Amino acid sequence: MQATHESVVEYSVSDGIATITMNRPEYHNAQNSKMTYALDAAFKRASNDDAVKVIVLAGAGKHFSAGHDIGTPGRDIDQSFERASLWYDHVGKEGGEFLYAREQEVYLGMCRRWRDLPKPTIAMVQGACVAGGLMLAWVCDLIVASEDAFFSDPVVRMGIPGVEYFAHAYELNPRIAKEFLFLGERMDAARAYQMGMVNRVVPRERLQDATTEIAAKIARMPRLGLTLTKQAVNHVEELQGKRAAMDAAFAWHHFAHAHNELVSGDKLGGYDARRMAESQRPGPAAVGDAKAKGEVA
């Protein structure tokens, strides 16, 4: 039975901290549109609530997120939703326009909205954080990871130059970003911390408590001070060209989708959830375990 719009994301508030939890653990929190729009509604709710000072983004179950849903019974790419931006509906559009319009709305557009949210956000990451999962963690201001967490963007296997919210060269040194993409391998939490992508690494059993402790300290700061500080640091990234770089990468991403479809009839270059999962399992040439777009779980 398909999850309801409400149940795919859970929301709670305690002591000034809103916790938004992706709730498709049976699919490793693979992101269908239902979940993406529910996340957008939850972030908007937290932003509008004066009692909320800090927002924690979590994933129920073993993994934070396996990425975009390309193979579960709840995949809903052909469904229309009430849109969050001024982009028109993708449903019924032909050729490259179908994915281009959809991903402007649900991937690039929503991720930018969440990144610019005026309250501090913390991603609480355990297990897999793969491809589309990276996008959700990267829009957050801080990332707290469990020791068993791992990060990967294996979509180059599909002939696609990374996920839609292309922040790789800002989250990692450019040379490390190339390694991350060229090899498509798992980066464990310890190395992600070493690279500056993750703020803290803690034992799995301490993940929730450690994240709550950090959120509680932030919640004692004045709201406007936090908002202005976040805007100042985000502005530095914009001066470094982050938005323009992401727009260019998004265009190349969609050229790759169109090329794949012309050559093979498949926008994903012949990869489904099972094949991507196999490519990510630990082994001689591998890395992860998945239920999503080039994505692991």
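The values are calculated or read from the model by the stated rules, or taken from the named source; none is laboratory data. This structure is a prediction, so every number in the text was calculated from the model and none was measured. Cβ sites come from the backbone with ideal geometry, for glycine too, and all protein chains shown count toward neighbours.
Among the residues making up segment 14-62, those that are surrounded by 21 or more Cβ atoms within 10 Å (Cβ to Cβ), of a type in the set (Lys, Arg) and touching a helix residue (DSSP H, G or I) at 6+ places or on another chain (Cβ under 9 Å) are ARG24, LYS53. Could you give every pair whose Cβ atoms fall below 7 Å, whose first residue belongs to segment 79-93 and is free of Cβ contacts under 8 Å to residues at least 24 places away in the same chain and assigned to a loop (DSSP other than H, G, I, E, B), and whose second residue is among the aliphatic types (A, V, I, L, M) and surrounded by 16 or more Cβ atoms within 10 Å (Cβ to Cβ), counting only separations of at least 6 or pairs across chains? So the pair list comes out as TRP87/ALA101; TYR88/ALA101; HIS90/ALA101; LYS93/ALA101.
A residue that is touching a Leu at 6+ places or on another chain (Cβ under 6 Å) and not aromatic (Phe, Trp, Tyr) occurs nowhere in segment 223-239.
Regarding GLU147, is this residue surrounded by fewer than 22 Cβ atoms within 10 Å (Cβ to Cβ), of a type in the set (Asp, Glu) and under 20 Å from ALA58 (Cβ atoms)? Against the criterion (surrounded by fewer than 22 Cβ atoms within 10 Å (Cβ to Cβ), of a type in the set (Asp, Glu) and under 20 Å from ALA58 (Cβ atoms)), GLU147 qualifies. In the set ALA292, ALA244, only one residue is among the aliphatic types (A, V, I, L, M) and at pLDDT 70 or above; that residue is ALA244. Restricting attention to segment 90-97, does a residue exist that is under 30 Å from LEU262 (Cβ atoms) and either surrounded by 24 or more Cβ atoms within 10 Å (Cβ to Cβ) or in contact with a Gly (Cβ under 8 Å, 6 or more places away or on another chain) (or both)? No: zero hits. Strands (runs of 3 or more DSSP E) fully within segment 1-74 that include at least 3 residues being in contact (Cβ under 8 Å) with a residue 40 or more places away in the chain: 54-59.
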